[in-house]
């Protein structure tokens, strides 16, 4: 496969992996000069319609999605029995390799990857697509640390093959939800269960269930409860451990109800639980209301003599209020005033989604405006603050100008116009005159436009060129008269008709010429090779003799068949006055002796072919 060019576009460079259903290669898109991933269905499955449907389903599933945490599908094709997908190439490792290298991940890292996977799943679930095979092998991590979900090959399909088919698929059983293990229909909560198992593995370095067979592991998903995470890794915060255990509840109703909800709880899980207490301002004012003369009183009732204990209580309240106020001011200063300035990176040339994610990750806000441009739709073409401007403090708003794509112009109709008229009409439409050619036309006067490209009503970008063809008027074409010698009237009629010539069949002449069959053409007028105008008539002379007699000959074939233990196709072909025909065709092996009688009319030629290769030729007299 290395070096093969698929679809006259995608060159296979090297093999980078494979699974139970497909082999994955690194490739190059020779049109766009970019590196891509090429996923090819294994040869043993190309005749299995079920696998082909599953393979195509992956392209269909991902094609309907557009998300920065999902690997994009660029193209899908089939060539010479090869079914392939062309996908975005992700530089980096898959999450399984990262877990294997590190043993286990820190809570911060695990949450960051899991939240990105949840974002991808939330987008897929909103498009009614259930992944069904979420596992670390199917999560690619870029060099910048972005997680990308891939391999939607069994999306929307429930099949027991996920448990038992191959060793590669067998790995999926470790992340299989209890309802899938029972053969029930998977739902978005099944994907949430898989993310919970994934979190358990990232935080502990091991899977919650293991067994000698896939069935044994599947049964544990249904029947057993995994060892608590904090027993395996005491460094995992209690709140995070609780989120994971809820995500892997046996009953789907007890899990998080969406991937988005799971992501939100993960982001809050590292909080130590000591949230800031905010007292309603109205209630606080009612509780501490100054009386005339500066005394403090309650909400209602006559003034009361305060005991020392109550006095100290109010002192504590005042101190608390002062602390809250100073703390609030300190927090406001740190949150909004004491923020370090940052240089805004350039995001020009990136998609709006990618640019927005990059800027928001720095604490910046993003505004969007759109305009037509030559750049592809959705690409950032300008930003109001960039690396060449002074540093800013988050949450400064950065305005991005996003391309709406090239402005479309409807091509006007130019038929029947002169060259000058056509050029003026194009200029008025915001277009340019392109290539001007001339050709013959029976439908348009000389000097007028009778063809254009692009066609009228087509949509093109501003300043695009439109090619026109001007009429030279009708053409008086001539053709060469073909040689009809030896042809029948039917054959001659077909040959002449293809050249827009006609055959005079009403009164053909008859004569005799040896070597030709009765009724074959032995003469013609005009002679072969003569230049005549289309529509001319050709007269012919037919042979009235009985023609040559039929003869026989014997063809012997010995020691010509290869000695390789294989059967080979043997053909004997005769060309005589009646034409060319196969008189013998069969398969033989080495050592066979072939003695075959053939018949021919007049003179002829005999040819012998083995597997389509001519090995013998002889003259028949």
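At-a-glance table
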read-out	value
Those residues of region 406-428 which are assigned to a loop (DSSP other than H, G, I, E, B) and surrounded by fewer than 16 Cβ atoms within 10 Å (Cβ to Cβ), in sequence order	407, 413, 415, 416, 418
Subset of region 164-196 that is modelled with pLDDT under 85 and in a helix (DSSP H, G or I) - its residue that is surrounded by the fewest Cβ atoms within 10 Å (Cβ to Cβ)	167
Some residue of region 59-73 being outside the structural domain of residue 152 (by TED's automatic domain parsing) and farther than 28 Å from residue 350 by Cα	no
Region 452-482: number of residues that are more than 30 Å from residue 527 (Cα to Cα) and either assigned by TED's automatic domain parsing to the domain that holds residue 373 or touching a residue at least 24 places away in the same chain (Cβ under 8 Å) (or both)	21
Which numbered condition residue 34 fails, given (1) surrounded by fewer than 17 Cβ atoms within 10 Å (Cβ to Cβ); (2) free of Cβ contacts under 8 Å to residues at least 24 places away in the same chain; (3) under 18 Å from the mean Cα position of the chain (by Cα)	(2)
Among (1) within 30 Å of residue 540 (Cβ to Cβ); (2) modelled with pLDDT under 95 - the single one residue 481 does not satisfy	(2)
Filter pass, residue 509 being free of Cβ contacts under 8 Å to residues at least 40 places away in the same chain, over 30 Å from residue 375 (Cβ atoms) and surrounded by 13 or more Cβ atoms within 10 Å (Cβ to Cβ)	yes
Members of region 448-467 found to be closer than 13 Å to residue 414 by Cβ and not in a strand (DSSP E or B), listed by number	448, 454, 455, 456, 457, 458
Near pairs, Cβ below 6 angstrom, 6+ apart or cross-chain, from region 129-140 (without any contact (Cβ under 8 Å) to a residue 12 or more places away in the chain) to any residue that is assigned to a loop (DSSP other than H, G, I, E, B)	none
Sole residue being assigned to a loop (DSSP other than H, G, I, E, B) and more than 25 Å from residue 378 (Cβ to Cβ), chosen from 16, 23, 2	2
Residue within region 94-101 that is under 30 Å from residue 378 (Cβ atoms), in contact with a strand residue (DSSP E or B) (Cβ under 7 Å, 6 or more places away or on another chain) and not in a helix (DSSP H, G or I) present	yes
Options 182, 227: the member that is more than 22 Å from residue 121 (Cβ to Cβ) and out of contact with any strand residue (DSSP E or B) (no Cβ under 8 Å at 6 or more places or on another chain)	227
Subset of region 46-58 [surrounded by fewer than 16 Cβ atoms within 10 Å (Cβ to Cβ) and part of a helix (DSSP H, G or I)]	49, 50, 52, 53
Of all residues making up region 207-230, the number that are at pLDDT 90 or above, farther than 15 Å from residue 251 by Cα and over 34 Å from the mean Cα position of the chain (by Cα)	6
Condition broken by residue 262, with the remaining ones in (1) at pLDDT 90 or above; (2) in contact with a strand residue (DSSP E or B) (Cβ under 7 Å, 6 or more places away or on another chain) satisfied	(2)
Residue satisfying all of: in region 59-79; touching a helix residue (DSSP H, G or I) at 6+ places or on another chain (Cβ under 8 Å) and in a strand (DSSP E or B); surrounded by the fewest Cβ atoms within 10 Å (Cβ to Cβ) among these	76
Residue 16 vs. criteria under 14 Å from the mean Cα position of the chain (by Cα) and under 20 Å from residue 141 (Cβ atoms)	no
Lone qualifier among 577, 585 - being surrounded by 16 or more Cβ atoms within 10 Å (Cβ to Cβ), touching a strand residue (DSSP E or B) at 6+ places or on another chain (Cβ under 9 Å) and either over 26 Å from residue 519 (Cα atoms) or modelled with pLDDT under 90 (or both)	577
Options 401, 437, 469: the member that is exposed (fewer than 13 other Cβ atoms within 10 Å of the Cβ), touching a strand residue (DSSP E or B) at 6+ places or on another chain (Cβ under 6 Å) and modelled with pLDDT of 90 or more	437
Test result for residue 73, free of Cβ contacts under 8 Å to residues at least 40 places away in the same chain and closer than 18 Å to residue 124 by Cβ	yes
Residue that is in contact with a helix residue (DSSP H, G or I) (Cβ under 6 Å, 6 or more places away or on another chain) and not assigned by TED's automatic domain parsing to the domain that holds residue 67, where the choices are 347, 392, 436	347
Test: residue 144 is without any contact (Cβ under 8 Å) to a residue 40 or more places away in the chain, in a loop (DSSP other than H, G, I, E, B) and loosely packed, with under 14 Cβ neighbours inside 10 Å	yes
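One line per residue, one yes/no per condition, for (1) under 22 Å from residue 246 (Cβ atoms); (2) at pLDDT below 90; (3) part of a loop (DSSP other than H, G, I, E, B):
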{"residue": "118", "(1), (2), (3)": "yes, no, no"}
{"residue": "122", "(1), (2), (3)": "yes, no, no"}
{"residue": "131", "(1), (2), (3)": "yes, yes, yes"}
{"residue": "134", "(1), (2), (3)": "yes, no, yes"}
{"residue": "157", "(1), (2), (3)": "no, yes, yes"}
{"residue": "162", "(1), (2), (3)": "no, yes, no"}
{"residue": "201", "(1), (2), (3)": "yes, no, no"}
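The values are calculated or read from the model by the stated rules, or taken from the named source; none is laboratory data. A quick note: this is a predicted structure, and the numbers were derived from the prediction, not measured. Methodologically, a virtual Cβ is constructed for each residue, glycine included, from the backbone with ideal geometry; neighbour enumeration extends over all protein chains shown.
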